[in-house]
1. Give the range 29-62 a look and list any residue that's surrounded by fewer than 18 Cβ atoms within 10 Å (Cβ to Cβ) and within 17 Å of the chain's Cα centre (by Cα), or say none.
2. How many residues does the range 106-137 hold that are in contact with a helix residue (DSSP H, G or I) (Cβ under 7 Å, 6 or more places away or on another chain) and outside any loop (DSSP other than H, G, I, E, B)?
3. Would you check which residues across the range 172-183 are assigned to a loop (DSSP other than H, G, I, E, B) and under 12 Å from residue 151 (Cα atoms) and list them?
4. Given the conditions (1) surrounded by 15 or more Cβ atoms within 10 Å (Cβ to Cβ); (2) part of a loop (DSSP other than H, G, I, E, B); (3) at pLDDT 95 or above, and given that residue 149 satisfies all but one, which numbered condition is not satisfied?
5. Within the range 216-249, how many residues turn out to be over 17 Å from residue 173 (Cα atoms), more than 19 Å from the chain's Cα centre (by Cα) and at pLDDT 95 or above?
6. Collect the residues in the range 53-81 that are farther than 16 Å from residue 31 by Cα and part of a loop (DSSP other than H, G, I, E, B), keeping them in residue-number order.
7. Restricting attention to the range 82-101, which residues are in a loop (DSSP other than H, G, I, E, B) and touching a residue at least 12 places away in the same chain (Cβ under 8 Å)?
8. If you go through the range 199-214 one residue at a time, how many are out of contact with any helix residue (DSSP H, G or I) (no Cβ under 7 Å at 6 or more places or on another chain) and in a loop (DSSP other than H, G, I, E, B)?
């Protein structure tokens, strides 16, 4: 894995916390990599929102790209900023995707994603992209996945308790994700999400494979061997972590 330090990007906007400033710096650094003519995957979540905003500013400055949003939330934001959009049906090959992560394993750049509820579409786009740049603040770097967060697992509503029991047998503690109003959270695809606590994950690739074989599981938030680089925002600079695409643990 290669480590590089670069200056924060040239754009500035109002931020409310130091963490927001770090996320913005990482986002602007990543967006500076986008060139005219690219097909660009647009991630989902609080950090990815900064990237979409920075991309909107570059569009206003004359950059010409086509964006592929990973959620209805991102689609709405991109449209409001004048970013031209299309779909994977039209463009199956994506040049660059910028997205956030909930945890980044320092040694492998494997990820936990899905707190924003868009993990299925995010993983489809990640698999279709040539270069996946993850943006985050320093709090997202961990030595082992599962240090701070659970693994989101997207399941079909029919028989979801059966899938939950199978996940328990794998060592997880699943709980159904609910909305603040007490109703069940639904993804853009109409699925449920199980928040599954596994504790420290010693072998994330093996766990990902096990989850792939649970009937009723649509997708899970373990992103193994997909990351091209991670940009960690600091107050004044951005740390760039790179690894070989396809590396896993």
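1. Hit for the range 29-62 is 46, nothing else.
2. 5
3. Across the range 172-183, the qualifying residues are 172, 177.
4. (3)
5. The number of residues fulfilling the criteria is 0.
6. 70, 71
7. 82, 83, 84, 86, 87, 88, 91, 92, 93, 95, 100, 101
8. Of the residues in the range 199-214, 5 are out of contact with any helix residue (DSSP H, G or I) (no Cβ under 7 Å at 6 or more places or on another chain) and in a loop (DSSP other than H, G, I, E, B).
The values are calculated or read from the model by the stated rules, or taken from the named source; none is laboratory data. Quick caveat: nothing in here was measured; it's all calculated off a predicted structure. Cβ: placed from backbone, ideal geometry, glycine included. Neighbour counts: every protein chain shown.
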